[in-house]
1. Answer with yes or no whether S10 is under 19 Å from T100 (Cβ atoms) and surrounded by 12 or more Cβ atoms within 10 Å (Cβ to Cβ).
2. If you check R112, R90, which single one turns out to be open to solvent by 60 Å² or more (accessible area, probe 1.4 Å) and of a type outside the set (A, V, I, L, M, F, W, C)?
3. Determine which member of the set L54, L64, L75 is more than 30 Å from I110 (Cα to Cα) and of a type outside the set (F, W, Y).
4. Can L71 be described as closer than 19 Å to S15 by Cα and at pLDDT 90 or above?
5. Does segment 19-32 hold any residues that are without any contact (Cβ under 8 Å) to a residue 24 or more places away in the chain and open to solvent by 80 Å² or more (accessible area, probe 1.4 Å), and which are they?
6. For residues that are among the hydroxyl-bearing types (S, T, Y) and in contact (Cβ under 8 Å) with a residue 40 or more places away in the chain, scanning just segment 42-96, find the one that is farthest from V28 (Cα to Cα).
Amino acid sequence: FHTQRIILDSAIIFSSSAGICSSFFMIVLIVFNLIKVRNSPNRIPLLLTANMYLSIGVFCAVILDVYIRSLIKRLYRVGSVEDDLSCRIRGHLSTIATSTMFYSNMLQAIFRLCRVAFYTRLVLQKFK
């Protein structure tokens, strides 16, 4: 049972690292695309997509920190539970990162709804 948890923690660490790398790569591509087409009408969807990837990267970084600490405790058999300020801050950061990721996806979904469902009303498509 102990070995299975170590394997699971290692898989989550690998997946979180891949998530951070892919979100960083996508943000770089989006920034280069935004620089290339400055006055394009596709700027808002690109910014919303960059916001989504940024929130996914932050979420993966928080998850990576949690599971690295968990793996270290399992490997060195440290049984103490941290009850200090840094543990509480990490707990709050994980909640904030999860909420940010969901709100970012919701914001993009609302924008797409206004763009697709209300395509005849131009007022709902602009954020001015």
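The values are calculated or read from the model by the stated rules, or taken from the named source; none is laboratory data. Please read these numbers as outputs of a predicted model, since none were measured by experiment. Quick reminder, even Gly has a Cβ in these numbers, built from the backbone with ideal geometry, and neighbours come from all protein chains shown. The accessibility values were calculated without ligands, DNA or RNA, using every heavy atom of the protein model including side chains. Shrake-Rupley method; radii C 1.70, N 1.55, O 1.52, S 1.80 Å.
1. When the stated conditions are applied, S10 does not pass them.
2. The match here is R112.
3. Answer to the selection: L75.
4. no
5. C21, F25, L29, F32
6. Filtering first and then ranking leaves S70.
Listed here are the residues, each with its yes/no results for (1) open to solvent by less than 60 Å² (accessible area, probe 1.4 Å); (2) among the β-branched types (V, I, T); (3) under 21 Å from R112 (Cα atoms); (4) not in a loop (DSSP other than H, G, I, E, B).
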position	(1), (2), (3), (4)
L34	yes, no, yes, yes
L46	yes, no, yes, yes
S55	yes, no, yes, yes
C60	yes, no, no, yes
I63	yes, yes, no, yes
